[in-house]
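> Before I ask anything, let me first share the structure, which is written out below as structure tokens.
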Amino acid sequence: MTMEDSDALGWRSIADLVGDHPDAPVALIGAGLNERSLTPGRCDLGPRAFRAVLPRFSTYDVETGAELSTRIHDAGDLPLKALSPADAFEPVRDAVAGQGRRALTVLIGGNNAITRPGVHALGLAKGLSSAGLLTLDAHFDLRDTDQGLTNGNPVQALLEDGLDGRRISQIGLAPFANTRRAHDKAKAAGISVRTARDCRQRGLAAVATEELDRLSALCDVLYVDFDIDVIDRSQWPASPGARPGGVSAQDFFDAARVIGAHPKVRVVDLTEYDPSLEIGDLGSLTAGRWFCELLAGFETR
């Protein structure tokens, strides 16, 4: 056996799939937006920590016997340091739109303010009403925009931009982490709301499947926001907004696989990962496993 054949000192990892691959079906973009986070933190560190953990994941899934092989084009990190969500809008939108020929674009945040320009990349500003939004989030993100854009109001801003609320599904909403005003806004707009309890009892993947089916009947393309603070804080401490009583990390992974498999899902983001809140390397390993599950789902399309 040659050193090239031996796995004594390493294995083929997910990192080996990521590189300069112009014709790859999947693209990866780092969008470390951090300004105007309602709880100060370092979400700008997310893309670097995410890439750094990928060599620790094998391409082989022992549960299914599948070997991941999809190449991922690394489009790099956007220069968003010190930019407000308003100033970051065009760079994020244009970067995602520039990968529009891909079957899937993965946007690694960064705070949740990257979701609005990501959705716009699917054509919202051009009057195209075929895009839908699914959020996995403990929060509605429907705070008022009168004081400007923050990571607490991307969904409100999208409603004001013209996105029909019936084309939005929000799953994983946590008790005592939102306001009646936000809930009333969601109901008035026609947003489908599924609570964290519903997701725990029925399974996050099952609820995500139902909402994907609902949105698919209304939309041609879908954007999915994985706000990682939807995970129970005991399993996910690396987001300031994560609360006890959220969904399990395993449910989050199962939902990622279902979502990755859906043919209408064109763009996903991972938001609110703050490496400065890490306990050990739990955060980066959770984000890396999420990516593996997303790719595993994608390869079943």
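> What are the residues whose amide H is under 5 Å from the amide H of ASP77, where those residues sit 5 or more places off or on another chain and H is modelled from the backbone?
It is GLY30, by chain and number.
> List the aspartates and glutamates whose alpha-carbon lies under 17 Å from that of LYS185, not counting same-chain residues fewer than 8 positions away?
Reachable aspartates and glutamates: ASP137, ASP141, ASP144, ASP146, GLU160, ASP161, ASP164.
> Same structure again: Can you run phi through the Karplus equation (6.51, -1.76, 1.60; θ = phi - 60°) for segment 70-80 and list ³J(HN,Hα) in whole Hz, with x for Gly and Pro?
Ordered by residue, 3J(HN,Hα) equals 5, 7, 10, 7, 8, 8, x, 9, 6, x, 10 Hz.
> Moving on to the next point. Take the Cα atoms of segment 185-250, find their three principal axes, and give me the spread along each one in whole Å, biggest first.
36, 25, 21
> Quick one: net charge of ILE279's neighbours, Cβ under 14 Å, K/R +1, D/E -1?
Every neighbour counted, the sum reads -3.
> Identify which of the listed values of log10 I(q)/I(0) by the Debye sum over Cα atoms at q = 0.08, 0.10, 0.13 Å⁻¹ was calculated from the structure shown: [x] -0.51, -0.76, -1.06; [y] -0.30, -0.48, -0.83; [z] -0.50, -0.70, -0.98.
[y]
> Determine the calculated [θ] at 222 nm for the chain from helices alone, applying -39500 (n - 2.57) to every DSSP H run no shorter than 4 residues and normalising by the residue count; nearest 500 deg cm²/dmol.
-9500 deg cm²/dmol
> Between exposed GluC sites (Glu not before Pro) in the chain, where DSSP calls loop and at most 11 other Cβ atoms lie within 10 Å, what's the longest gap?
My reading of the result: 64-301 is the longest stretch.
Laboratory data are not the source of any read-out in this text; all were calculated from the coordinates shown. The structure presented is a predicted model; accordingly, all values stated were derived computationally and were not measured. With ideal geometry, Cβ positions are generated from the backbone for all residues, glycine too; neighbour counts draw on all protein chains shown.
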